[in-house]
Amino acid sequence: MRIVAGSVRDFAWGLPSKPTAPGGRQGLASSPLAFGMRSRKSIPPLALSAQSSAEGEAQDFETLDALLENALDRFQPAASREQPAGPPSGGMPLAQSILRELTLLTSRLYQPPQEQVRLERPRKVMVATELAQWMEQVLAQEKIQLAVVARQGGRQHRQHDVTGMLHSGIVWRDPLDERWKIYNLVDYRTKGKPQCQILWTDPVDFFYQQGGYDPDALLLIPDDAIQKRMAALLQNGGFQRMAFTRQYNLLSPPHGPDSLNCNKWVLLNVLAAHHKTEDPAFLLQQIRQNYRTEPLALDPLTRLFAGWHPQVRGKELPWWNAPTTVTVESLAKSGLFERKLFCDHQRSAL
């Protein structure tokens, strides 16, 4: 279950990607991709629904005006140009400071919609608050910019995943508003079929949706270089290109080009940072060659009726053996992370 280092492709991580089309604030996937040598099956680009409001757009323009005004104020008038100008406050060169501020503003245009969660159970809110405080404290104390965070599944799920975790996302501290956000791929149903969409979730809302009431969670921490590259993906919209299809499948095959689940999307982002490319076709090929997962330990009855589960696309399930998919356990054992931290400190790392 280890990822073997593959070929490295050059990529300009710091540059913002092509802006979205007018009328939409969410980044779109790149042009249709052709997977495999035998077939030329194309996957249409992902078109996330634009849920921007007039209020949000006005706030963006207000922020832009403030940034431009701040940048212009730093330029000296013509009469004082004879005197050497020092760097702006903070020691950062003027051009670099302006570029950084504009880059942060551009990242707002790629930010997905926020997931709205109704907090109705007081006991679960207390557990979710405890987990969110633990996560934020660990990340802040150890100066971690970005990590993969996973929450628990139900009792049945814990029987075939040693971590006990089901759903994962990418947590980072948004530099524009200094707020911890969790980017994750979630599923919903439309016309009877499971679909997926990328949302950002508040930490308390994220942990509120866990299965059960045990105060436990898992942080997977990559090295500093990978953290910076993954953060660049979140800022330039590259994370949207990892969602190359709308089709959701809870048991999505690890290298399958037809569907996604939350853990598979996270894996694609981590591999994109390692290989310095945003090409999902290349990354799926790397998963096929180097990524190993154990077959899910499902009982015969569960395997028989798995195809009728509302979150499963039955036509992707193998008929001759147990299904495999990207799980939190396979992420933890992949060799892609420096550290693994459970909230329950009595649990040993994998």
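For the reader, a short list of remarks on this structure follows.
Residue by residue, here is whether (1) under 30 Å from residue 122 (Cα atoms); (2) of a type outside the set (Lys, Arg); (3) crowded, with 21+ Cβ neighbours inside 10 Å holds:
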site: 198; (1), (2), (3): yes, yes, yes
site: 201; (1), (2), (3): yes, yes, yes
site: 232; (1), (2), (3): no, yes, yes
site: 292; (1), (2), (3): no, no, no
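- Residue match in the range 183-195 (condition: more than 21 Å from residue 245 (Cα to Cα) and in contact with a Lys or Arg (Cβ under 9 Å, 6 or more places away or on another chain)): no
- In the range 134-142, the condition of being modelled with pLDDT of 95 or more, assigned to a helix (DSSP H, G or I) and touching a helix residue (DSSP H, G or I) at 6+ places or on another chain (Cβ under 7 Å) is met by at least one residue.
- Considering residues of the range 122-160 that are polar (S, T, N, Q) and without any contact (Cβ under 8 Å) to a residue 12 or more places away in the chain only, the residue surrounded by the fewest Cβ atoms within 10 Å (Cβ to Cβ): 141
- Being out of contact with any helix residue (DSSP H, G or I) (no Cβ under 6 Å at 6 or more places or on another chain), buried (at least 22 other Cβ atoms within 10 Å of the Cβ) and within 23 Å of residue 271 (Cβ to Cβ) is a property that residue 185 lacks.
- Scope the range 286-324; condition at pLDDT 85 or above and not in a loop (DSSP other than H, G, I, E, B); matching residues: 286, 287, 288, 289, 290, 315, 316
- In the range 238-256, the count of residues that are free of Cβ contacts under 8 Å to residues at least 60 places away in the same chain and either surrounded by fewer than 24 Cβ atoms within 10 Å (Cβ to Cβ) or in a helix (DSSP H, G or I) (or both) is one or more.
- Pick from the range 88-104, criterion under 23 Å from the mean Cα position of the chain (by Cα) and surrounded by fewer than 16 Cβ atoms within 10 Å (Cβ to Cβ), ranking: modelled with the highest pLDDT: 102
- Every residue from the range 223-237 that is outside any helix (DSSP H, G or I) and touching a Phe, Trp or Tyr at 6+ places or on another chain (Cβ under 8 Å): 237
- Residue list for the range 167-210, filter: under 18 Å from residue 249 (Cα atoms) and among the basic types (Lys, Arg): 189, 191, 193
- Among residues of the range 201-233 being small (Gly, Ala, Ser) and farther than 17 Å from residue 157 by Cα, the one that is farthest from the chain's Cα centre (by Cα) is 225.
The values are calculated or read from the model by the stated rules, or taken from the named source; none is laboratory data. Note that the structure is a prediction, hence the values are computed from the model and not measured. Neighbour counts are summed over all protein chains in view; Cβ atoms, including those assigned to glycine, are modelled from backbone coordinates with ideal geometry.
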